[in-house]
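One structure, pasted below without further comment.
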Amino acid sequence: MSELLTCQNLCKRFDSKYALAEVTLTLQRGQIVGLLGPNGSGKTTFIKIINGLLVPTEGSLLINGFTPGVETKRQIAYLPERTYLNSWMKVKDILQFFATFYDNFNMDRAMQMLSDLRIDVGERLKTMSKGTKEKVQLILVMSRDVDLYVLDEPIGGVDPAARDYILHTILSNYNPNSTILISTHLIADIENVLDDVIFLQNGQIALHATVDEIRSQKGKSVDELFREVFRC
Amino acid sequence: MLGKLIAFDLKASARILFPLHAAVLLCTLVGRLMLSVRITEYIPELMLALIFLFYFLLLVATVVISSFYFIYWFYKNLFTDEGYLMHTIPAPSWMHITSKTVGMILWQVIDLAVVVVCIFMLLFSFREFAEAFPQMMKYLSVFFTYYMDLEAWGAIALSVLIFLLSIIVHGLSAFMCIAIGQLFNRHRILAAFIAYIILSIAVSFISSFIMIAVGYDTMGSDTYLRFSYLSELFSSLVLSVIYFIVTNYLISRRLNLE
């Protein structure tokens, strides 16, 4: 195993409030990592910094040895927590967009997943339900061959059956050298696929451990531990 | 990558701008036909006035939409939800700005060409135009050689250059103001407008200061014309470069998507 992502004393301040404070961590290759925490704990801020959508106030972040930029964007597949698809496009237009701008986009895999979920490539994104749009977006992201997949709330808006398919898809398409960082509230649903978990609380790391450590040392599931740590 | 971005921006903008310009050309063609066969003599005046009003509004709308489309597109495509897609493709920010600028220039030129063609089509029949063209060139040439010691084509080239630069400088100033507006966590569009107003005041203040400093009011009319042409050219170039650099800095180092 080798390091894929490292950050040192990463801070992000909005006005006077710290959204992230002194986050120092390392992600290894070949892992599925859960980024867990309540609303406003800094998960999305952290993810946006990884994707170069926000610039950190202090500290450093390196992916494959590069600071976020053109080189890292090529090697990260990012699923934001919102719909970023142009509503006037058809599914085939957005497929073409991905094929044009990402040289590691696998069109065959995308077509296969779309047909498995019975999504018509001729359909306009405008007429799709929110859940279907999320599925399309996830398919686009998982059809790229990259080092790091960053999924922000990937299963929040889809039904449980599609959720199973999506988790299965994530696992079956996942290259052993790649790392998947998943942020979610639905811990119980994904707990079984995670190798590592990071608990974020008020912009700081409350815990970074492997799922096995949590189970053997604390004698609890990740879900139980989460409810305990973040009890309101 | 830049070519791909330009192709994408042109395709996206053509969805709105192509049908609009096609409609204007079609209406003009119909109008020319109506004038040629003198059908207008049989149409009631009120009806004719309404047709003309509709045509005029279509023309104005086309010009207005063409000039603002890319400013809107720059904001929507880069700073709303779509920005999450655009800023995560492996393209540096200067390419995004360049691509939008190229699309804007292209459509403004097409727009101007369409409007000129339409006006000429309505004013003259094709035969009349062909007869009048050499005469027009002669007048232009007399005008420009009198003032600038340049042949007409040289002067036209200079005017075209200034026209293109003015599109660029206006577009880039709007782009920069949008990039400033997005720094704010709330009221981003309002902030962009305020930035634009402040910028306009600052630029006109500085330019009048420079004008007074070089003593424009003591110049003769031909010196003044030459001076205003050159200063327009020079200031557009300098401002464009500044706006581009600032916008690029703001997007690459201060991006703040909602």
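Residue by residue through region B:207-213, what is 3J(HN,Hα) from phi via Karplus (6.51 cos²θ - 1.76 cosθ + 1.60, θ = phi - 60°)? Round to whole Hz and write x for glycine and proline.
Values, residue by residue: 5, 5, 4, 5, 4, 5, 4 Hz.
Under 1.5 on a/c is rounded, so check that first for the protein assembly as shown, then, if it is not, pick prolate when a/b is larger than b/c and oblate when it is not; a ≥ b ≥ c are the square roots of the alpha carbon gyration tensor eigenvalues.
Prolate shape, in that a/c is at least 1.5 and a/b is the bigger ratio.
Separate question: Considering only C-alpha atoms, what is the centroid distance from region A:26-65 to region B:1-71, in Å?
Value for the Cα centre distance between the two parts: 49 Å.
Here's a follow-up. Longest segment of chain A with no chymotrypsin sites (Phe, Trp or Tyr not before Pro) in a DSSP loop having at most 15 other Cβ atoms within 10 Å?
A:89-229
Remind me, relative contact order of chain A in percent, using alpha carbon pairs under 8 angstrom and six or more residues apart?
In percent, rounded to a whole number, it is 27.
How many nm separate the modelled label positions at A:Lys90 and A:Thr57, each set 7 Å beyond the Cα in the direction of the Cβ?
Using points 7 Å along Cα→Cβ, the separation is 4.8 nm.
Ranking B:Ile180, B:Ile210, B:Ile194 by Cβ neighbours within 10 Å, fewest first, what do you get?
Ascending Cβ contact count within 10 Å gives the list B:Ile210, B:Ile194, B:Ile180.
Still on this structure: Work the Kirkwood hydrodynamic radius out for region A:3-229: mean of 1/r over every pair of different alpha-carbon atoms, inverted, in Å.
Hydrodynamic radius (Kirkwood, Cα only) of region A:3-229 equals 18.1 Å.
With label points built 7 Å along Cα→Cβ from the Cα atoms of B:Trp94 and A:Lys218, find their separation and express it in nm.
Each label point lies 7 Å from its Cα, and together they span 4.9 nm.
For B:Ile39 and B:Ala130 in the same chain, what is the full-extension length gain: residue separation times 0.36 nm, less their Cα-Cα distance, in nm?
The B:Ile39-B:Ala130 span can extend by a further 30.4 nm.
Can you give the FRET efficiency for A:Lys130 and B:Val109, using 1/(1 + (r/R0)^6), R0 = 51 Å, r = Cβ-Cβ distance, to the nearest 0.05?
According to the calculation, E is roughly 0.80.
When Lys and Arg each count +1 and Asp and Glu each count -1, what net charge do the other residues less than 14 Å away from B:Phe68, Cβ to Cβ, add up to?
+1
Going 7 Å from the Cα of B:Arg15 in the Cα-to-Cβ direction, what parts of region A:96-114 have a backbone nitrogen less than 15 Å from that spot?
A:96-98
A follow-up question, please. Amide H of A:Asn106 versus every other amide H placed in the peptide plane: which residues, excluding those fewer than 5 positions away on the same chain, fall under 5 Å?
The list, which skips near neighbours in sequence, is A:Arg144, A:Asp145.
Also, I was wondering about something else. Can you pull the one-decimal nm distance between simple spin-label points at B:Arg226 and A:Asp159, each 7 Å off the Cα toward Cβ?
7.8 nm
Averaged across the residues of A:73-86, what count of C-beta atoms belonging to other chains lies within 10 Å of each residue's C-beta?
4
Then there is this: Return the average number of partner chain Cβ atoms within 10 angstrom of each residue Cβ along peptide B:87-95.
Average neighbour count from other chains, rounded to a whole number: 6.
Check each of the GluC sites (Glu not before Pro) in region A:20-126 and keep only those in coil by DSSP with at most 10 other C-beta atoms within 10 angstrom; list them in order.
When the GluC sites (Glu not before Pro) of region A:20-126 are filtered for loop state and at most 10 Cβ neighbours within 10 Å, nothing remains.
Quote to one decimal, in nm, the extra length available between B:Leu164 and B:Asn185 on full extension: 0.36 nm per residue of separation minus the C-alpha distance between them.
Length gained between B:Leu164 and B:Asn185: 4.2 nm.
How far is helix A:107-116 tilted, in degrees, relative to the longest principal axis of the Cα atoms in chain A, given as a value from 0 to 90 rounded to the nearest 10?
Helix A:107-116 and the main axis of chain A meet at about 90 degrees.
Further question: So if R0 is 60 Å, what FRET efficiency would A:Ile119 and B:Leu48 give, r being the distance between their Cβ atoms, rounded to the nearest 0.05?
Between A:Ile119 and B:Leu48 the formula returns 0.70.
Laboratory data are not the source of any read-out in this text; all were calculated from the coordinates shown. Bear in mind the structure is a predicted one, so any value in this text is a computation, not a measurement. Note that each Cβ is placed from the backbone with ideal geometry, even for glycine, and that neighbours are counted across all protein chains shown.
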